[in-house]
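See below for the structure under consideration.
The values are calculated or read from the model by the stated rules, or taken from the named source; none is laboratory data. Note that the structure is a prediction, hence the values are computed from the model and not measured. Note that we place each Cβ from the backbone using ideal geometry, even for glycine, and neighbour counts take in every protein chain shown.
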Amino acid sequence: MLLETLPADARRVAVIGVAKNAGKTTALNALLAEADAAGRTVGVLSVGVDGEAHDAISGAPKPPVRVPRGTLVCTAEATLRTASAGVEILDGTGIHTPLGELLVVRVTRPGNVVLAGVRHRDDVRSLLLRLEPDVALSVVDGAFDRTAAADPATTDCVILATGLVLAPTAEGCAEKTASLVRRLRLPVAGPGERVPPELADAAALRATEGWRAAPAATLSGPWPRSEARFDAVYQPGLVSDATLLLAERLLEPGGLLVARDPTRVLASDAALRRFARGRRIACLDGVRLAAVTVNPTRHDGTAGDSAALARTVAARLPGTPVIDVRTWTPDAGLRC
Amino acid sequence: MSITGRTGATPPDPTRVRPYGDTLDDGQVQLSFSLPLPYSPEATEAARLLVKKMGMLDPRVYHAKDLGHGYTFFIVYARCAASVDATQIVVPKIEGDRMSKKEVDALIAERIGRPLVILGATTGTDAHTVGIDAILNMKGFDGEKGLESYHGFETHNLGAQVANEDLVAKAVELRADALLVSQVVTQKDSHKITLGQLIDMLEAEGLRQRMVVVCGGPRISHELALELGYDAGFGPGTRANDVGAFVARQVIERGLA
């Protein structure tokens, strides 16, 4: 079911969560089992740590990451000691982490693994390039509520895991999920609004004569005082509350802030609403949201009605498949 | 294994580790907690039953104190029947031999050739700077001088309640090589949200891969830090030379300088 939601051309998928314990690992396992059943070889890595036996904060038991035979796994050397899956080491990556070198291994016997050691986007990109010749689909598992794995320059589409850890009621969860999805679906800049590729690595400004390089590489650092106004501003990096305030000062009324992609837009909802009252925001690249999964388990361990949760979230996200993976994931779904 | 403990001089069994009180493996533990009940025999019995419900054997309320306003504090002794196999435990740790201040400075001078710029802050709503001050400030902690006293570091202590976006802005301005983030007292796990948001912001700004980012505090383990996307997490008892050595080694290993 999850596999069917992926765009036909997607070779890299990010699985991210709205919060810790939102059901990301369960969604990941469902995707791995389904790809296995479809005969597709998958490569998997995590930005952060996933598959550990217990939550690093609460100590509560966590679902293991279950990998089918043939899966390629990229993880730190030290984690292999705890794997119940049988693995053969294919090669090292030369990327050293506090948990040892990141290794690429092939699963020879289905079982559990801990995914750890990958810390930032540049590493993710280089590891995906290593995995891709040997796999039909690469899966990047996010960490906590971090959205970096969804960066469209890194992955082709996103599966978002949400659940009652976000809010104890279905309505509250749907509201907060919809807010995050709105952010992931910020509009893509139109053809006349895009900064030229040769200027896209640093901040740029557009006035009547067209785009030109800005006096600083980013709106996040020191910015020279100026009264000049522009009809568009391009920010390649972080869009925070402070960035929006600076952009507002630089832009003519109705002007456009162009961000690189939605994962860079981390300003508060209140700051974004305020900005939208007189200015617009768009991105060079958009995020393709393939599906949303729901998890009815709350922080306190109690569970709500998962079908009602799926319906409530789906009502707020028209056009997006909303899936309760636990109702259909086969327990013995691993191909042996 | 007997729950009453052993009497002979038998060696401890690491595959079945259990608390020790009077005799090996007797399972004796001490628990302390407060209940929202007024000091009374009923409150004492509630404390005893609660510990029993935790799975403890033979709970005995050793001490009860009236905290006022309908609250009572308890110390309860009990026996724990559970055991763990310590030989199967794997905890991610920060590797590398300890280095002295002099050795860290020498390493930086020899392999990097310039002082590393370190920014430190207690972020989010946390107002407690005791941790970051102990690591960064001249006076240091427990006789170990802070990184401010090192030739190999140019330190900037931004203080308490620093917003993540301000820390990122300062990192851009000062071209930081490393960030130290402290979270001491937080409520409802807000520290994990604050810490995670900083990493997302550094990723968004394209800075994450260019710097060493570590966090510390009483509720932060190395494992949690790695999960959050940090390079390391330092718990209580960490000294400036531990952090300094880690940062210097990471900068060299990753070719960041």
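Restricting to strands (runs of 3 or more DSSP E) lying wholly in the range A:122-222: which have 1 or more residues that are basic (Lys, Arg), within 14 Å of chain B (Cβ to nearest Cβ) and closer than 27 Å to A:Ala38 by Cβ? Outline the logic, then answer.
On the way: elements: A:137-141, A:157-163, A:204-207, A:210-213.
Filter on the range A:122-222 gives an empty set.
Is at least one residue of the range A:289-311 surrounded by fewer than 21 Cβ atoms within 10 Å (Cβ to Cβ), within 14 Å of another protein chain (Cβ to nearest Cβ), aliphatic (A, V, I, L, M) and not in a strand (DSSP E or B)?
For the range A:289-311, residues surrounded by fewer than 21 Cβ atoms within 10 Å (Cβ to Cβ), within 14 Å of another protein chain (Cβ to nearest Cβ), aliphatic (A, V, I, L, M) and not in a strand (DSSP E or B): absent.
Given B:Ala245, B:Ala240, which one is over 20 Å from B:Ser190 (Cβ atoms), more than 9 Å from every other protein chain (Cβ to nearest Cβ) and crowded, with 24+ Cβ neighbours inside 10 Å?
Of B:Ala245, B:Ala240, the one residue that is over 20 Å from B:Ser190 (Cβ atoms), more than 9 Å from every other protein chain (Cβ to nearest Cβ) and crowded, with 24+ Cβ neighbours inside 10 Å is B:Ala240.
Among the residues of the range A:36-68, write down those that are more than 13 Å from chain B (Cβ to nearest Cβ), within 20 Å of A:Asn21 (Cα to Cα) and either surrounded by fewer than 20 Cβ atoms within 10 Å (Cβ to Cβ) or at pLDDT 90 or above (or both).
Start the filter on the range A:36-68 by keeping residues that are more than 13 Å from chain B (Cβ to nearest Cβ), which leaves A:36-45, A:61, A:63-68.
Adding the requirement that they be within 20 Å of A:Asn21 (Cα to Cα) leaves A:44-45, A:61, A:63-67.
Matches in the range A:36-68: A:Val44, A:Leu45, A:Pro61, A:Pro63, A:Val65, A:Arg66, A:Val67.
Counting just the residues of the range A:236-265 that are of a type in the set (Gly, Ala, Ser) and within 10 Å of chain B (Cβ to nearest Cβ), which one comes out surrounded by the most Cβ atoms within 10 Å (Cβ to Cβ)? So that I can check it myself, show each step before the final result.
First, the residues of the range A:236-265 that are of a type in the set (Gly, Ala, Ser): A:237, A:240, A:242, A:247, A:254-255, A:259.
Still in the list and also within 10 Å of chain B (Cβ to nearest Cβ): A:237, A:240, A:242, A:259.
Values: A:Gly237: 25, A:Ser240: 28, A:Ala242: 18, A:Ala259: 26.
Here the answer is A:Ser240.
Residue check: is B:Ala204 under 23 Å from B:Leu107 (Cβ atoms), assigned by TED's automatic domain parsing to the domain that holds B:Ile135 and surrounded by 24 or more Cβ atoms within 10 Å (Cβ to Cβ)?
Working: under 23 Å from B:Leu107 (Cβ atoms): no; assigned by TED's automatic domain parsing to the domain that holds B:Ile135: yes; surrounded by 24 or more Cβ atoms within 10 Å (Cβ to Cβ): yes.
For B:Ala204, the condition - under 23 Å from B:Leu107 (Cβ atoms), assigned by TED's automatic domain parsing to the domain that holds B:Ile135 and surrounded by 24 or more Cβ atoms within 10 Å (Cβ to Cβ) - is not met.
Spot the failing condition for A:Thr71; the list is (1) in contact with a Ser or Thr (Cβ under 9 Å, 6 or more places away or on another chain); (2) crowded, with 23+ Cβ neighbours inside 10 Å; (3) within 14 Å of chain B (Cβ to nearest Cβ), and only one is missed.
Only one criterion in (1) in contact with a Ser or Thr (Cβ under 9 Å, 6 or more places away or on another chain); (2) crowded, with 23+ Cβ neighbours inside 10 Å; (3) within 14 Å of chain B (Cβ to nearest Cβ) is unmet by A:Thr71, namely (3).
Can you say whether A:Leu102 is under 27 Å from A:Ala22 (Cα atoms), within 13 Å of another protein chain (Cβ to nearest Cβ) and in a strand (DSSP E or B), as far as the supplied structure shows?
Working: under 27 Å from A:Ala22 (Cα atoms): yes; within 13 Å of another protein chain (Cβ to nearest Cβ): yes; in a strand (DSSP E or B): yes.
Answer is yes for this residue.
Out of (1) closer than 22 Å to A:Thr327 by Cα; (2) modelled with pLDDT of 85 or more, what's the single condition that is false for A:Glu77?
Status for A:Glu77: all satisfied but (1).
Kindly indicate the residue of the range B:65-104 that is more than 14 Å from every other protein chain (Cβ to nearest Cβ) and under 25 Å from B:Cys215 (Cβ atoms) and also surrounded by the fewest Cβ atoms within 10 Å (Cβ to Cβ) among those meeting that condition.
So the residue we want is B:Asp97.
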